[in-house]
C-alpha cells in the first residue's frame, strides 16, 4: 500500500502539472489548441472511417479522451487521499472530512473510479491499436517523439531549453504541493 499511495501522489502531481501546462505550455499542449466542442467530436466520429488525412495533435475524439483521462485520474487520486480500507490503510486526509465523505470516497475509489479508469485505459489502447493496424497511421512514434509527418504544414511547437526548464519547475512545484498537502515529505 505504501507504493500504491506513492504512485497516487505521483499521479496527482502529474495531473495537476498537465492541467496547468494545458494553460501555459506550448501551443500544441494548450487545451485551447485541441479541445473541440461535443458537436465537432460527434461529427469527427461519424466521418472518421472515411478520413485518411492526418491532423496535427489530437483529433476531436482524442481531445475528449484526454479530458476524460485527466478527470478520471485526478478524481481517482483525490478520492484516494480521503479513502479508508478499514483494515490497515487510510488516506492522509481522512481526518479532515466526515466519515460519510470517507465512505463515499472509498466507494468511488474502489468501485466506479477504478473500473472507469480501467475502461478508459482499454479504450485508449484499443484506439491506438485501431489507428496503427486498421488505419495504418502510426501514433506511437509521434507520441514518443512529439513529431509526425503531415500532408499540410502545421504550426511549429516551441520546444526550447527555457520551456523544458519551466515544465520541470512546474512539475516540481506540483509535486511539492502534493507532498505538503498530504503531510509527507517522502514522495
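Rule-based calculations on the coordinates, nothing more; no lab input. Please read these numbers as outputs of a predicted model, since none were measured by experiment. Note that each Cβ is placed from the backbone with ideal geometry, even for glycine, and that neighbours are counted across all protein chains shown.
Mean separation of Cα pairs under 8 Å and 6 or more residues apart, divided by the residue count, gives segment 85-187 a relative contact order of 20 percent.
Fully extending the segment from residue 124 to residue 160 would add 10.0 nm, taking 0.36 nm per residue of separation and subtracting the current Cα-Cα distance.
Note that the chain shows a convex hull volume over its alpha carbon atoms of 145 Å³ per residue.
Full extension of the chain between residue 27 and residue 55 yields a length gain of 8.6 nm, computed as 0.36 nm times the residue separation minus the alpha carbon distance. Tell me the angle of helix 161-181 to the major Cα principal axis of the chain, expressed in degrees between 0 and 90 and rounded to the nearest ten. That works out to roughly 30 degrees.
Each label was represented as a point 7 Å from its Cα along the Cα-to-Cβ direction; for residue 96 and residue 117 these points are 1.9 nm apart. Applying D = kT/(6 pi eta Rh) to segment 1-112, where Rh is the Kirkwood radius over alpha-carbon pairs, T corresponds to 10 °C and eta to 1.306 mPa s, the Stokes-Einstein value obtained is 98 µm²/s. Note on residue 107/residue 68: beta-carbon distance plugged into 1/(1 + (r/R0)^6) with R0 of 30 Å gives a FRET efficiency of 0.90. When each of the peptides 4-15, 146-157 is scored by the mean number of other C-beta atoms lying within 10 Å of its residues, the order from highest to lowest reads 4-15, 146-157. Gain on full extension, evaluated as 0.36 nm per residue between residue 4 and residue 46 minus their Cα-Cα distance, stands at 11.2 nm. Using R0 = 45 Å, the C-beta based FRET efficiency linking residue 133 and residue 181 works out to 0.60. For the chain, the relative contact order comes to 29 percent (Cα pairs under 8 Å, sequence separation of at least 6).
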